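All remarks here apply to the structure that follows.
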Amino acid sequence: MKITTLLASVAAAGLIGTAALAEGHEKVKVGMISTLSGGGAGLGIDVRDGFLLAIEQSGRQDIEVIVEDDQRKPDVAVRIADRMIQSEDVDVLTGLIFSNLAMAVVPSAVAQGKFYLSPNAGPSALAGRGCHPNYFNVSWQNDVIHEAAGAQANTLGYQNTFMLAPNYPAGIDAMNGFKRTFSGTPSNEILTKLGQTDYASEIAQIRASGADSVFFFLPGGMGISFLKQYADSGVDIPLIGPAFSFDQTILPAVGDAALGVNNTAQWSPDLDNPTNVAFVQSFQEKYGRLPSMYASQGFDTANLLISALEKAPVSDTDAFRAALREADFSSTRGAFRFNTNQHPIQDVYVREVIKDGDVFTNRLIGTALTDHADAYAAECNM
Amino acid sequence: MSLLIAEQFLNGIQLGVMLFLMAAGLTLVFGVMGLINLAHGSLYMVGAFAAAFVAANTGSYLLGIVASVVAAAVAGVLIETLVIRRLYKRDHLDQVLATFALILIFSEGTRMIFGSFPLYLSIPDALGGPITLPGGIEYPLFRLTLIAMGLLVAVGLYLLITKTRVGMQIQAGEADREMISALGVDISKLYTFVFALGAALAGLSGALVGTLQSVEVGMGEPVLIMAFVVIVIGGIGSIQGALVGAVLVGVVQTLGAFLLPIWSKMLFGSPDAGAVLSSMLIYILMAGVLLIRPQGLMGQAA
């Protein structure tokens with residue numbers, strides 16, 4: 001008797017399950033783990049806001065986004081990811097900002113059958129041998145933006161560049177990326193502590209180095225500190241760097257110190273395509289500030305997800321993955337397609353920091369790399 | 001090279017005197033009240049935000065600095081009377097828990113008021129740019145100003161503690177808490193004063209350092225850790241110890257981070273070993289001091 005009841009309820013549960021599937025619009029759960037507090041919070045908040053804006057504009061009610069703060073701590077990120085995967089049963093994970101956190105979370109999440117869409121971090125380890133069919137990078141492989149900076153340094157005729165980056169996976173990627181395209185010789189290569197805020201010592205070394213240019217990758221508060229101190233030091237060797245140190249999240253805090261500096265990115269607020277014009281305008285209307293490149297990446301990530309969901313339900317893993325690979329969405333950065341390692345092939349631009357009225361922002365001045373793929377794709381066997 | 005080392009030495013002194021402003025309050029509060037205050041870094045942040053806010057709205061950097069001292073002192077009085085006062089008789093674990101909670105409250109509160117993006121606070125034009133020192137070193141005027149301010153505060157504190165009535169009460173409070181209240185000194189007022197003084201110094205240091213660096217939520221915690229190292233090296237409760245410890249930590253940290261990678265490159269061909277060692281250097285220094293003088297350089301033997 002008892003066994004039959006049990007069987008009946010199992011059968012009933014099974015029926016409910018198929019009914020939900022048959023409806024076609026099953027609910028999709030997205031777990032977003034991002035840095036929303038502490039030093040890197042501006043980046044995570046912009047990714048989140050861009051992502052949620054795209055979901056809202058799509059009008060889809062069947063996408064549920066759970067947002068959690070990783071506090072830029074790998075252990076916290078891992079704990080949240082475990083909970084989202086095991087007890088909240090999310091289908092797709094996204095949101096991580098920092099490469100060291102991505103390295104802690106992504107490999108185990110994709111091994112457990114979840115999809116991960118990266119809106120920011122692109123560590124080299126996940127682009128080459130560590131690539132995975134369920135891992136999609138919608139932003140860039142870390143090296144790429146720095147490769148563009150190296151190319152721009154060549155264009156500007158720099159011969160010996162002083163290099164500065166924090167000592168963590170993305171910092172090493174930055175050094176390697178710049179050197180891959182730079183045809184001069186670096187005068188110094190200095191790795192600083194992640195989160196360092198006083199650069200007096202490094203600036204003294206720059207002054208004494210006799211270099212003809214300074215390449216630096218210092219995201220968030222580190223970049224603000226460096227730029228203010230550099231401007232005040234009286235050293236006038238020209239700066240060049242990736243957009244991370246010159247983004248909309250930090251320019252207001254830096255002020256005049258960054259004016260005129262060349263920086264490289266896959267996106268710029270004045271990039272002229274219909275999707276981007278609409279994005280910049282709607283972001284400003286909704287949040288009352290200019291979007292950063294992080295916001296554009298969050299927006300693109302959500303639109304990629306939506307485009308795939310239009311074609312296949314997330315429960316049909318293979319079809320959904322194939323739909324993601326097609327990248328059939330209109331990106332804020334113009335042309336966008338995935339390489340074999342599921343990282344973007346895209347143009348990387350050169351921007352210049354300007355003051356537009358009272359607002360510090362970037363404007364496009366050229367293209368550093370066209371249809372550029374990262375250097376690790378060949379190592380990826382998928 | 002010798003010019004570069006001299007400049008790095010100045011950088012170390014500058015880091016040291018700013019650490020001293022943080023450590024002085026921390027060591028006073030611990031010495032007089034026996035309290036471990038993890039929220040000291042939050043008061044540093046309060047000072048920086050107050051300075052950035054007032055400077056942006058009035059256009060005066062000087063008013064910003066005044067605001068940082070006032071705001072941090074007021075915040076100090078508030079948390080002392082509302083929270084900290086209840087903790088003096090509890091053990092250190094309770095104090096750590098409660099003041100850690102204060103860090104979270106301050107951080108999220110600041111985020112609610114000012115948002116998550118760093119604020120703008122920059123060096124006033126009068127103090128901007130480098131000047132040339134005797135010997136040909138070009139050094140930022142603002143950093144020299146910081147050194148001067150820090151030393152001025154150190155002298156002021158020394159006079160306050162050794163030459164005034166309040167200072168004598170503070171010294172007496174460090175030596176014997178029961179006896180001083182038995183002698184008719186209003187101990188709770190004295191505690192509030194000491195706490196507010198420490199808070200004001202932390203706020204001042206937050207505003208000055210925030211000018212050079214970035215004014216953002218969570219800026220106080222990394223400094224707090226170094227300030228703790230300073231007071232352990234200097235001897236808990238000793239203002240002179242805090243000054244000596246702070247300058248020592250500042251110079252060792254700066255010169256270590258500069259020289260060790262260079263030496264390790266000469267010896268092993270790679271700067272990595274030196275870079276790793278330099279980030280541990282101040283902790284090794286602390287361990288060494290504790291080994292030889294467990295009470296710290298200027299501490300009284302317990």
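The values are calculated or read from the model by the stated rules, or taken from the named source; none is laboratory data. Since this is a predicted model, take the numbers as computed values, not measurements. Heads up, the Cβs are rebuilt from the backbone with ideal geometry, glycines too, and the neighbour counts pull from every protein chain shown.
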Give me the pairs, please: first residue somewhere in the range A:70-95 and at positive phi, second residue anywhere and acidic (Asp, Glu), beta-carbon distance under 9 Å, and either six or more positions apart or on two chains. A:GLY95/A:GLU68; A:GLY95/A:ASP70
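Residue by residue, here is whether (1) within 30 Å of A:ALA204 (Cα to Cα); (2) part of a helix (DSSP H, G or I); (3) small (Gly, Ala, Ser) holds:
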residue: B:LEU10; (1), (2), (3): yes, yes, no
residue: B:PHE20; (1), (2), (3): yes, yes, no
residue: B:GLY47; (1), (2), (3): yes, yes, yes
residue: B:LEU63; (1), (2), (3): no, yes, no
residue: B:ARG86; (1), (2), (3): no, yes, no
residue: B:ARG90; (1), (2), (3): no, no, no
Return yes when A:GLN152 is outside the structural domain of A:ALA295 (by TED's automatic domain parsing), surrounded by 24 or more Cβ atoms within 10 Å (Cβ to Cβ) and among the polar types (S, T, N, Q) and no when it is not. yes
Residue match in the range B:139-153 (condition: under 30 Å from A:ILE206 (Cβ atoms), crowded, with 23+ Cβ neighbours inside 10 Å, without any contact (Cβ under 8 Å) to a residue 24 or more places away in the chain and not β-branched (Val, Ile, Thr)): yes
Pull up the range A:272-302, narrow it to residues that are surrounded by fewer than 24 Cβ atoms within 10 Å (Cβ to Cβ) and acidic (Asp, Glu), then point me to the one that is farthest from the other protein chains (Cβ to nearest Cβ). A:ASP272
Looking at the structure I just gave you, is B:TYR139 farther than 22 Å from B:VAL54 by Cα, among the aromatic types (Phe, Trp, Tyr) and outside any helix (DSSP H, G or I)? yes
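Only one of A:PHE215, A:PHE244, A:PHE226 is surrounded by 24 or more Cβ atoms within 10 Å (Cβ to Cβ), more than 21 Å from B:LEU144 (Cα to Cα) and modelled with pLDDT under 95. Can you tell me which?
Details: A:PHE215 fails: modelled with pLDDT under 95; A:PHE226 fails: more than 21 Å from B:LEU144 (Cα to Cα).
Criteria check complete, one pass: A:PHE244.
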Test result for A:ALA165, facing another protein chain (nearest Cβ under 10 Å), in contact with a helix residue (DSSP H, G or I) (Cβ under 6 Å, 6 or more places away or on another chain) and either without any contact (Cβ under 8 Å) to a residue 60 or more places away in the chain or crowded, with 22+ Cβ neighbours inside 10 Å (or both): no
Residues of the range A:1-52 classified as more than 14 Å from chain B (Cβ to nearest Cβ) and at pLDDT below 90, total: 27
Conditions first: (1) of a type outside the set (Val, Ile, Thr); (2) surrounded by 13 or more Cβ atoms within 10 Å (Cβ to Cβ); (3) farther than 20 Å from A:ILE224 by Cβ; (4) within 13 Å of chain A (Cβ to nearest Cβ). B:PRO124 passes all but one, so which condition is the exception? (3)
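Condition check: without any contact (Cβ under 8 Å) to a residue 24 or more places away in the chain and not polar (S, T, N, Q). Does A:ARG333 satisfy that? Steps first, please.
Details: without any contact (Cβ under 8 Å) to a residue 24 or more places away in the chain: no; not polar (S, T, N, Q): yes.
Spelling it out, it is not the case that A:ARG333 is without any contact (Cβ under 8 Å) to a residue 24 or more places away in the chain and not polar (S, T, N, Q).
Among B:GLY12, B:GLY47, B:GLY25, which is the only one that is away from chain A (no Cβ under 14 Å), over 19 Å from B:GLY299 (Cα atoms), touching a helix residue (DSSP H, G or I) at 6+ places or on another chain (Cβ under 6 Å) and not charged (D, E, K, R)?
Values: B:GLY12 fails: away from chain A (no Cβ under 14 Å); B:GLY25 fails: over 19 Å from B:GLY299 (Cα atoms).
After ruling out the rest, the residue left standing is B:GLY47.
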Yes/no for B:GLY288 being part of a helix (DSSP H, G or I), away from every other protein chain (no Cβ under 13 Å) and without any contact (Cβ under 8 Å) to a residue 12 or more places away in the chain: yes
What is the number of the single condition among (1) surrounded by 23 or more Cβ atoms within 10 Å (Cβ to Cβ); (2) within 12 Å of chain B (Cβ to nearest Cβ); (3) under 30 Å from A:ASN160 (Cβ atoms) that A:ALA253 does not meet? (3)
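Test A:PRO269 against the stated conditions and say whether it is assigned to a loop (DSSP other than H, G, I, E, B) and more than 13 Å from chain B (Cβ to nearest Cβ). Step through it out loud before you land on a result.
Numbers: assigned to a loop (DSSP other than H, G, I, E, B): yes; more than 13 Å from chain B (Cβ to nearest Cβ): yes.
The answer is yes for A:PRO269.
Identify all residues within the range A:197-216 that are in a loop (DSSP other than H, G, I, E, B) and either of a type in the set (D, E, K, R) or in contact with an Asp or Glu (Cβ under 9 Å, 6 or more places away or on another chain) (or both); write none if there are none. It would help to see each step written out before you state the result.
Quick first cut of the range A:197-216, residues in a loop (DSSP other than H, G, I, E, B) only: A:197-199, A:210-212.
Within the range A:197-216, A:ASP198, A:ASP212 qualify.
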From the list B:LEU208, B:LEU204, B:LEU248, B:LEU281, which one is under 17 Å from B:VAL29 (Cβ atoms) and either assigned to a loop (DSSP other than H, G, I, E, B) or at pLDDT 90 or above (or both)? B:LEU204
Across the range A:219-240, the tally of residues that are assigned to a helix (DSSP H, G or I), within 7 Å of chain B (Cβ to nearest Cβ) and not polar (S, T, N, Q) stands at 4
Whichever residue in the range B:212-233 is within 8 Å of chain A (Cβ to nearest Cβ) and either assigned to a helix (DSSP H, G or I) or of a type in the set (Asp, Glu) (or both) and, among such residues, is farthest from B:LEU248 (Cα to Cα): B:GLU216
